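What follows is calculated from the coordinates using simple rules that are stated; it is not laboratory data. Quick caveat, the model's predicted, so the values are computed rather than measured. Glycine gets a Cβ as well: all are built from the backbone with ideal geometry, and neighbour counts include every protein chain shown.
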Amino acid sequence: MPEEFEGDLAGAVFWGADLTGARFRDVNLTDARISHAWVVNVNIDALVEKLVVNGVDVTAYVNERDPWYPLRAMLRASTPEEMRATWTALEAELAKTIARAQALPEDSLHESV
């Protein structure tokens, strides 16, 4: 039976662990290292500051959509003014999302996404 873990696992080592189908949500993977692993059919949706895959820094490739969707870059705000602007932009996007959801048919409102 799958277990759920919450809390601080900083510095934990997973050796020979089967994480097939594992879900990581709202986690901080700063300085995480993965080696001697099978990474097959993996989906990562995250703030990416530096990502190296098999010795190749792919950060620029991953973040190339920032100009296309400026809010992605705004999430890396470093000053209070930038953070306030980001929060305002996030609220505006959330309002659009809520309006779209409210316009859905009733049976669609409870579908898993």
## Note on the structure
Log entry, pairs with first residue in region 93-107 being at positive phi, second being of a type in the set (V, I, T), beta carbons closer than 6 Å, six or more apart or on different chains, reads none
### Query
Given H36, H110, which one is at positive phi and over 18 Å from the mean Cα position of the chain (by Cα)?
H36
